[in-house]
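The values are calculated or read from the model by the stated rules, or taken from the named source; none is laboratory data. Just so we're clear, the structure is a prediction, and the values are computed from it rather than from any experiment. Here Cβ is always computed from backbone atoms with ideal geometry, including for glycine, and neighbour counts include all displayed protein chains. SASA here: full protein model, heavy atoms, side chains in, ligands and nucleic acids out. Shrake-Rupley method; radii C 1.70, N 1.55, O 1.52, S 1.80 Å.
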Amino acid sequence: MTAFVLGATGFVGREVVRQLCVRGGKPVAHVRPDSSKLGDWRTKFGELGATVDVTPWDVTAMAATLRDRAVTQLYICIGTTRSKAKSDQVSGNIYEQIDLGLTKIAVDAAKTSTKPRLVYLSSIGADSTARSAYLKARGQAEDLVRASGVPWVIARPSLIVGDRDENRMGERVGAGIGDSLLAVAGVLGGKNLRARYRSTSADVLASALIRIAEAPEHDCIVDGANLR
Ligand SMILES: NC(=O)c1ccc[n+]([C@@H]2O[C@H](COP(=O)([O-])OP(=O)(O)OC[C@H]3O[C@@H](n4cnc5c(N)ncnc54)[C@H](OP(=O)(O)O)[C@@H]3O)[C@@H](O)[C@H]2O)c1
């Protein structure tokens, strides 16, 4: 099996790469070709035993790479934030352009190459009819994955917390308050609610992504307790 990780430099993607390496795999970590930290990532991923790939975000180029590397599992762990979009000089509907736009490139490349299993990191609440631009783009991206015609699994975690490179105070505070309320709900009998919405960490989530990538079952959405 050859795993190719899009978004390998992200909080979750890098953990997927690390865990695949620890298990003796030889994953390919995709880094955007214009990354200002490309040299650092080559060193970090090289030390782990992963191969770095810098194919541009283009369907034809990405399909050729998936074919050349005989990719069987394509992890899609990409997405932007307001601050990242600002530094990337992306404006307008940033989630439509990045979260949805890059997923479309990945899905189209998969369809026209080795037809790898898609492992799509989405979000709880993803819904193509949502009012929130973020959840709407996530829902539309899920629709593309589901309609791809290749095997797929979609993970819908709640907030992902831990020591990030950047300070995401809002997420940390939100997760703290949310988890406290959910703990109370759990005691009062809302165990399913708690399992579905409580925050998770990158290592727990990465391990679950690898598990669902390798499980015989596919074409399914996984959330809550099944992502732990
Ligand atoms: N954070 C949460 O609590 C949470 C909860 C549920 C779901 N999710 C979803 O899970 C996804 C991954 O989470 P994460 O915490 O690992 O995100 P992250 O650390 O922000 O990583 C995002 C990845 O996307 C890449 N990326 C962003 N903008 C790009 C662009 N314009 N061109 C190419 N690559 C780009 C980044 O590459 P660079 O490093 O090169 O910028 C990075 O590899 C998120 O996008 C989010 O939608 C997150």
Residue check, S180 in contact (Cβ under 8 Å) with a residue 60 or more places away in the chain, of a type in the set (S, T, N, Q) and either closer than 24 Å to T81 by Cα or open to solvent by 50 Å² or more (accessible area, probe 1.4 Å) (or both): no
Across segment 29-56, which residue is farthest from I98 (Cα to Cα) among those that are open to solvent by 50 Å² or more (accessible area, probe 1.4 Å) and touching a Phe, Trp or Tyr at 6+ places or on another chain (Cβ under 9 Å)? T51
With respect to the numbered conditions (1) over 22 Å from G25 (Cβ atoms); (2) within 10 Å of the ligand (Cβ to nearest atom), which one is the sole condition not fulfilled by A202? (1)
With respect to R117, determine if the residue is within 21 Å of D223 (Cβ to Cβ), in the same structural domain as W57 (by TED's automatic domain parsing) and touching a His at 6+ places or on another chain (Cβ under 8 Å). yes
Being within 30 Å of Q89 (Cβ to Cβ), β-branched (V, I, T) and out of contact with any helix residue (DSSP H, G or I) (no Cβ under 6 Å at 6 or more places or on another chain) is the filter here; which residues of segment 20-75 pass it? V28, T43, T51, V54, T60, T65
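For segment 27-37, state whether one or more residues are closer than 21 Å to E171 by Cα and either modelled with pLDDT of 95 or more or part of a strand (DSSP E or B) (or both).
no
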Taking segment 139-175 and keeping only residues that are open to solvent by less than 50 Å² (accessible area, probe 1.4 Å), more than 12 Å from K104 (Cα to Cα) and modelled with pLDDT of 80 or more, one is left with G139, V150, P151, W152, V153, I154, A155, R156, P157, S158, I160, V161
Tally, over segment 197-228, of residues that are of a type in the set (K, R) and surrounded by fewer than 17 Cβ atoms within 10 Å (Cβ to Cβ): 2
Conditions (1) of a type in the set (K, R); (2) part of a helix (DSSP H, G or I); (3) at pLDDT 95 or above -> R196 fails only (3)
